[in-house]
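The values are calculated or read from the model by the stated rules, or taken from the named source; none is laboratory data. From a predicted model like this one, the values you see are computed outputs, not experimental measurements. Don't worry about glycine lacking a Cβ; one is built from the backbone with ideal geometry, like all the others, and counts go over all protein chains shown. With ligands, DNA and RNA removed, areas are computed over all heavy atoms of the protein, side chains included. Shrake-Rupley method; radii C 1.70, N 1.55, O 1.52, S 1.80 Å.
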Amino acid sequence: MVSTNAVSGVLMVGTLAAFLAASTTLRDTPFSGTASTQHQQPFKPGEWGYADADWLRQHYNITMLSEDPPVIQFNNFISQERIDAILHFAKPKFARSTSGIEREVSNYRTSSTAWMLPDVLGNDPMQAHLKDMEEEIARIVRLPVENQEHFQVLQYQKNQYYKVHSDYIEEQRQQPCGIRVATFFLYLNDVEEGGGTRFPNLNLTVQPAKGNAVLWYSAYPNTTRMDSRTDHEAMPVAKGMKYGANKWIHIHDFVTPWANGKTV
Ligand SMILES: *[C@@H]1O[C@H](CO)[C@@H](O)[C@H](O)[C@H]1NC(C)=O
Ligand SMILES: *[C@@H]1O[C@H](CO)[C@@H](O)[C@H](O)[C@H]1NC(C)=O
Ligand SMILES: *[C@@H]1O[C@H](CO)[C@@H](O)[C@H](O)[C@H]1NC(C)=O
């Protein structure tokens with residue numbers, strides 16, 4: 001189930017025949033490192049599925065950390081410029097993290113958080129880097145950019161952590177944005193020791209590495225049913241500091257209801 005083999009497996013849920021066809025014809029397709037601006041067919045409104053691993057392999061350097069459910073590492077995904085832009089906005093804004101829909105402070109989660117909300121970005125031209133990244137993530141997950149929450153940037157100091165949890169929020173089933181289906185997590189620095197993202201049900205720990213990103217799903221494709229296989233935790237930082245960022249992706253438009261005050 002857990003594999004670090006970058007060239008095996010396929011992600012799209014489909015028939016066995018589709019699985020076999022894709023894995024034989026595309027197994028050896030080399031990573032071209034091109035065209036993160038290329039488009040693929042987006043999902044129809046209200047439908048969603050896993051990212052297309054074969055498309056990803058052609059455009060990105062990915063490592064399939066788990067195939068079912070997919071946990072996909074993007075190697076060297078974030079440029080230095082983009083990292084600088086995120087930290088430029090986040091560093092003056094860090095405050096104690098909260099969790100859940102009420103955004104409560106607890107010992108469950110001890111990091112600091114900075115949300116990249118419109119008032120934080122202001123008219124600063126460096127926000128173009130964040131917008132570009134959002135467009136790119138939208139193409140990868142094949143869901144509209146409006147379905148994304150604002151970047152949530154995290155700072156974990158020594159001994160800080162976030163215990164095992166799902167990114168899925170039950171109450172959001174009733175909200176216009178719907179549930180969070182996917183998490184695209186960015187690693188913004190190299191951590192001296194500790195700070196891995198551990199998926200206990202998958203026997204998998206992702207080591208933070210500057211510029212890498214990881215994509216996973218919190219629900220089963222085309223459903224609003226929680227997939228607890230991707231429960232995960234941020235392991236305590238043992239040495240040094242950890243910077244990361246969450247990009248949570250919903251089944252429906254998040255930004256419009258948020259702007260109208262209908263969603264936390
Ligand atoms: C989602 O549902 C639609 C409509 O029933 C179907 O065409 C599509 O194949 C499904 N996608 C996945 C990933 O299951
Ligand atoms: C893909 O990323 C890995 C890990 O950083 C690296 O070792 C490898 O050289 C990269 N492959 C390509 C084709 O860039
Ligand atoms: C978990 O993964 C480790 C190494 O990645 C492996 O040695 C161990 O056997 C695995 N455990 C299970 C229960 O699969």
Extension gain (nm, one decimal) between GLN157 and ASN222, 0.36 nm per residue minus Cα-Cα:
19.6 nm
Set of lysines near LYS242 by C-alpha distance (under 20 Å), chain-local residues within fewer than 8 positions excluded
LYS91, LYS93, LYS158, LYS163, LYS210
Cα-based Kirkwood hydrodynamic radius, region 56-260, one decimal, Å
17.1 Å
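Which FRET efficiency, nearest 0.05, do PHE43 and ALA128 yield, Cβ-Cβ r, R0 30 Å?
Working: r = 26 Å, r/R0 = 0.88.
For R0 = 30 Å, the calculated efficiency reads 0.70.
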Place a +1 charge on the Cβ of each Lys and Arg in region 56-260 and a -1 charge on the Cβ of each Asp and Glu, then give the dipole magnitude about the Cα centre in debye, rounded to the nearest 20.
380 debye
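Using a 1.4 angstrom probe on the protein heavy atoms only, line up TRP115, TRP55, TRP48 by accessible area, largest first.
Numbers: TRP115 55, TRP55 30, TRP48 5 Å².
Per-residue accessible area, sorted high to low, gives TRP115, TRP55, TRP48.
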Accessible area, probe 1.4 Å, largest first, for residues ASP119, ASP132, ASP52
ASP119, ASP132, ASP52
Heads up, I need the accessible area for HIS39: 1.4 angstrom probe, whole protein in place, Å², nearest 10.
140 Å²
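Provide the per residue accessible area, probe 1.4 Å, for region 99-230, rounded to a whole number of square angstrom. Walk me through the numbers before you get to the answer.
Working: 5430 Å² over 132 residues.
In whole numbers, region 99-230 has 41 Å² accessible per residue.
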So the carbon and sulfur contribution to the accessible area of region 56-260, 1.4 Å probe, in percent, is 46 percent
